[in-house]
1. Within region 31-63, which residues are among the aliphatic types (A, V, I, L, M), more than 16 Å from the chain's Cα centre (by Cα) and in a loop (DSSP other than H, G, I, E, B)?
2. Between a first residue in region 143-160 that is β-branched (V, I, T) and buried (at least 24 other Cβ atoms within 10 Å of the Cβ) and a second residue that is assigned to a helix (DSSP H, G or I) and at pLDDT 90 or above, which pairs have beta carbons less than 6 Å apart while being 6 or more apart in sequence or on different chains?
3. Just give me the residues in region 119-142 being acidic (D, E) and either surrounded by 15 or more Cβ atoms within 10 Å (Cβ to Cβ) or free of Cβ contacts under 8 Å to residues at least 12 places away in the same chain (or both), in sequence order.
4. Go through (1) surrounded by 14 or more Cβ atoms within 10 Å (Cβ to Cβ); (2) within 25 Å of K183 (Cβ to Cβ); (3) modelled with pLDDT of 95 or more one by one and return the number of the condition D55 breaks.
5. Among the residues of region 20-52, how many are surrounded by fewer than 17 Cβ atoms within 10 Å (Cβ to Cβ) and within 13 Å of L71 (Cβ to Cβ)?
6. Given the structure, is S28 modelled with pLDDT of 95 or more and either over 14 Å from the mean Cα position of the chain (by Cα) or more than 14 Å from K186 (Cβ to Cβ) (or both)?
7. Mind listing whichever residues of region 64-82 are among the polar types (S, T, N, Q), in a loop (DSSP other than H, G, I, E, B) and exposed (fewer than 15 other Cβ atoms within 10 Å of the Cβ)?
8. Between a residue in region 76-99 that is among the aromatic types (F, W, Y) and any residue that is surrounded by 12 or more Cβ atoms within 10 Å (Cβ to Cβ), which pairs come within a Cβ distance under 7 Å, given they are 6 or more apart or on different chains?
Amino acid sequence: MPRAVAVAAKASQHNLMDTAFIIGNGESRLMYPISELKGQGTIYGCNAIYRHYPDLCDHIVASDPIMYQELVDAKKSNKFSLHTDVIGPERLPTWNYVLPEDREDDHPRDQNFYRFWIGGDYKTGKIKRRDFSENKGSGCSAVLHAAESGHRNILLIGFDIIGARQWELDTTTISREQNNVYKNTKNYPNRRSMKAYYWLSSNESINHTSCRWQSDAGQPSN
């Protein structure tokens, strides 16, 4: 059994009600026999995970309305377990980590950006500004849902936070290649310039004291 799954299973033995596994769709997920997590705690999946694991998840989260509709249709067609709870846009957690006294430029020590990202196409003059406290993807929302549900041991698998094939590049170059098990399939259009830091900042924003985060290596991240 790979170390990540072994550590996860060991952690879950302490209290199944306290433990949640959040399964992302990063390509590293293919390394792990995640079906062995069944019965070890509450399992959250994201988006199209049902295509490979129709009976694995207790909850599947989809923040995109089109992906959510695919899940609704698939469940009606018995393509995955009727016992799986599908969490769509209308049920996503609304928790916002911004406090009234926070300034927009506040950020944790040693973190260059936190709440806001600003960028764009300087050739066209289009500038985008993204507030990570308001924009949460499926994986981040699944983590937050688990935290708000009272799970204190939350373990993430398949949250790669880097572009595909990063190991082939030097340390100064960031991969923009889409990193997803389901890329170029239905409701997963090709993304020529993936920005993985969106996931990183979104998940950093909800790393709060009610959770004990644990990485694939089995070490708490805080």
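1. L56
2. That search, which allows pairs on different chains as well, returns I154/A146.
3. D121
4. The single condition D55 does not satisfy is (1).
5. The qualifying residues number 1.
6. Details: modelled with pLDDT of 95 or more: no; either over 14 Å from the mean Cα position of the chain (by Cα) or more than 14 Å from K186 (Cβ to Cβ) (or both): yes.
Answer is no for this residue.
7. Filtering region 64-82 for residues among the polar types (S, T, N, Q) gives 69, 77-78, 81.
If we keep only those that are in a loop (DSSP other than H, G, I, E, B) too, we end up with 77-78, 81.
Passing the criteria: S77, N78.
8. What qualifies is F80/Y50; F80/P54; F80/A74; W95/L144; W95/E148; Y97/S133; Y97/S205; Y97/I206.
The values are calculated or read from the model by the stated rules, or taken from the named source; none is laboratory data. Model, not experiment: these values are computed from the prediction. Cβ sites come from the backbone with ideal geometry, for glycine too, and all protein chains shown count toward neighbours.
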